[in-house]
Amino acid sequence: MEHDDTGDDTNTVVGADGLRRPAWAATDPLLREYYDTEWGMPVRDERGMFERLSLEAFQSGLSWATILRKRPAFRAAFADFDPEAVAGFGDRERAALLADAGIVRNRMKIDATLDNARATLALRERGGLADFVWGFQPDTTPAPRTLAEIPTSSPESVALARALKKEGFRFVGPTTMFALMEAVGIVDTHLLDSHRRGSSGIW
């Protein structure tokens, strides 16, 4: 893939297939596939939302490519992110997670994921995690022309982080929650000239 060097300040790359993508999704096949098929598409089920929330927490301080490459191992280790199963993990399962070289062996993040599974179950009586997160959808979405114009947080992500913490969730700061909102289609931060702009059907 090569950069479309026409002098426009778009921060997109035109691939061999003629489609524009941001540079982060332009070369690595795994990232390109994720960008083209999954990132920014609506996630409205509990398991799917719990998985995205968990992976965003594990990504903190690391590259998303690292997390994506480890996602099959994460799914195996965390019972395919079934919140009921993860909420039932005890000392034996926790020890196995801490010893699992296939995932990110961060004790605080692992413990937060177990706590977040329990918090997810507690939310069921009030509509569930997915509806809770979608309740913070803004009235408008960013319309970035360049990567520099993409925000890293928003009033809604700040409010979502605060609300989730109140419900017992951890590793859910405003920046992490904005990344979650991007990933599950609550906001559309695809660059305006990306071939994926507007693909979610939400905006």
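Looking only at residues that are on the phi > 0 side of the Ramachandran plot and surrounded by fewer than 17 Cβ atoms within 10 Å (Cβ to Cβ) in the stretch 4-29, which one is modelled with the highest pLDDT?
18
Which one of the conditions (1) over 16 Å from residue 55 (Cβ atoms); (2) polar (S, T, N, Q); (3) under 19 Å from the mean Cα position of the chain (by Cα) does residue 146 fail to meet, given that it meets all the rest?
Unmet condition: (3).
Which one is surrounded by the most Cβ atoms within 10 Å (Cβ to Cβ) among residues in the stretch 93-112 that are assigned to a loop (DSSP other than H, G, I, E, B) and either out of contact with any helix residue (DSSP H, G or I) (no Cβ under 8 Å at 6 or more places or on another chain) or touching a residue at least 24 places away in the same chain (Cβ under 8 Å) (or both)?
Ranking the qualifying residues of the stretch 93-112, first place goes to 103.
Only one residue in 46, 56 is buried (at least 17 other Cβ atoms within 10 Å of the Cβ) and touching a Pro at 6+ places or on another chain (Cβ under 9 Å). Which one?
46
Within 27 Å of residue 37 (Cα to Cα), part of a helix (DSSP H, G or I) and in contact with a Phe, Trp or Tyr (Cβ under 7 Å, 6 or more places away or on another chain): does that describe residue 160?
So residue 160 passes the test.
Name, by its number, the condition in (1) of a type outside the set (Ser, Thr, Tyr); (2) touching a residue at least 40 places away in the same chain (Cβ under 8 Å); (3) over 19 Å from residue 121 (Cβ atoms) that does not hold for residue 172.
The number of the failed condition is (3).
Could you please find all residues in the stretch 175-203 being among the small types (Gly, Ala, Ser), in contact (Cβ under 8 Å) with a residue 60 or more places away in the chain and assigned to a loop (DSSP other than H, G, I, E, B)?
The answer is 185, 194, 199, 200, 201.
Considering only residues that are in a helix (DSSP H, G or I) and touching a residue at least 12 places away in the same chain (Cβ under 8 Å), look in the stretch 142-153 and name the one that is surrounded by the most Cβ atoms within 10 Å (Cβ to Cβ).
Filtering the stretch 142-153 for residues that are in a helix (DSSP H, G or I) and touching a residue at least 12 places away in the same chain (Cβ under 8 Å), the one surrounded by the most Cβ atoms within 10 Å (Cβ to Cβ) comes out as 147.
Any residue in the stretch 11-27 that is in a loop (DSSP other than H, G, I, E, B) sitting within a Cβ distance under 7 Å of a residue that is surrounded by 12 or more Cβ atoms within 10 Å (Cβ to Cβ) and of a type in the set (Ser, Thr, Tyr)? List the pairs, counting only those 6 or more apart or interchain.
Cβ pairs passing all conditions: 11/146.
For the subset of the stretch 66-92 comprising residues that are small (Gly, Ala, Ser) and outside any helix (DSSP H, G or I), which member is nearest to residue 52 (Cα to Cα)?
Looking at residues that are small (Gly, Ala, Ser) and outside any helix (DSSP H, G or I), I get 88.
Yes/no matrix, rows are residues, columns are (1) modelled with pLDDT under 95; (2) surrounded by 19 or more Cβ atoms within 10 Å (Cβ to Cβ); (3) aromatic (Phe, Trp, Tyr):
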| position | (1), (2), (3) |
| --- | --- |
| 130 | no, yes, no |
| 140 | no, no, no |
| 155 | no, no, no |
| 163 | no, no, no |
| 172 | no, yes, no |
| 189 | no, yes, no |
| 198 | no, no, no |
| 201 | yes, no, no |
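Out of (1) more than 20 Å from residue 202 (Cβ to Cβ); (2) touching a Leu at 6+ places or on another chain (Cβ under 9 Å), what's the single condition that is false for residue 133?
Result: residue 133 passes all but (1).
Going through the stretch 49-104 one residue at a time, which ones are β-branched (Val, Ile, Thr) and more than 26 Å from residue 35 (Cβ to Cβ)?
Listed by number, the list holds a single entry, 86.
Hey, among 52, 32, which residue is more than 21 Å from residue 147 (Cβ to Cβ) and either modelled with pLDDT under 95 or out of contact with any Lys or Arg (no Cβ under 6 Å at 6 or more places or on another chain) (or both)?
From the options 52, 32, the qualifying one is 52.
The values are calculated or read from the model by the stated rules, or taken from the named source; none is laboratory data. Since the model is a prediction, treat every value here as computed from it, not as a measurement. Here Cβ is always computed from backbone atoms with ideal geometry, including for glycine, and neighbour counts include all displayed protein chains.
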